[in-house]
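Bear in mind that the values in this text are calculations on the coordinates, not laboratory data. Predicted model, so just to flag it, every value in this text is computed and none were measured. Here the Cβ is made from the backbone with ideal geometry for all residues, glycine too, and neighbour counts use every protein chain on show.
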Amino acid sequence: MSRLRVKRIYEAPAKSDGTRLLVDRLWPRGLTKEAAEIDYWAKDIAPSNQLRQWYAHDPARWDQFRDRYFAELAQNQAGVAALRAHLGRGVNTLLYQSKEEEINNAVALKEYLEGRA
């Protein structure tokens, strides 16, 4: 059984991260692919540009963002299946860019994948 964690992509990679999966649509600014040390870039399951721009990390919109993102994920089962296929045994770390540690797409995606949506 795999365990999911979330971590900001700009934090240094660690062996304890296990499989590192970037779950943002856009590549992180100022970060090379070598420095990122990702195992898979799941850009196809990131929130749509329209949803991302609407949300703008406004805490008042968090619950609506999650609902809308979960609806997008439900319509993108191929993308979700591709991500699940890249999950390793043990620890899997969902990587995100946002400065918001508790209200970002990786936190929402973790909840969705763990079946708490």
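Lysines near residue 110 by alpha-carbon distance under 16 Å, same-chain residues fewer than 8 away left out - which ones?
Once the sequence-local lysines are set aside, what remains near residue 110 is 7, 43.
In a Gaussian network model over the chain where Cα atoms closer than 10 Å are linked, find which of 39, 63, 17 has the largest mean-square fluctuation.
63
Per DSSP H run of n ≥ 4, the term is -39500 (n - 2.57); total these for the chain, divide by its residue number, and report the mean residue ellipticity at 222 nm rounded to 500 deg cm²/dmol. Before the final figure, lay out the partial values.
Numbers: 5 runs with 43 residues, N = 117.
Taking each H run of at least 4 residues, the total per residue is -10000 deg cm²/dmol.
Please identify, among 52, 84, 68, the residue showing maximal mean-square fluctuation in a Gaussian network model of the chain using a 10 angstrom Cα cutoff.
84
If you find the alpha carbon centre of segment 79-104 and of segment 1-60, how far apart are they in angstrom?
About 7 Å separates the Cα centre of segment 79-104 from the one of segment 1-60.
Most mobile of 34, 101, 72 per a Gaussian network model of the chain (Cα springs, under 10 Å)?
So, out of 34, 101, 72, the one fluctuating most is 34.
Which residues in segment 72-110 have a backbone N closer than 13 Å to a point placed 7 Å from the Cα of residue 54 along the Cα-to-Cβ line?
Residues 72-73 fall inside that zone.
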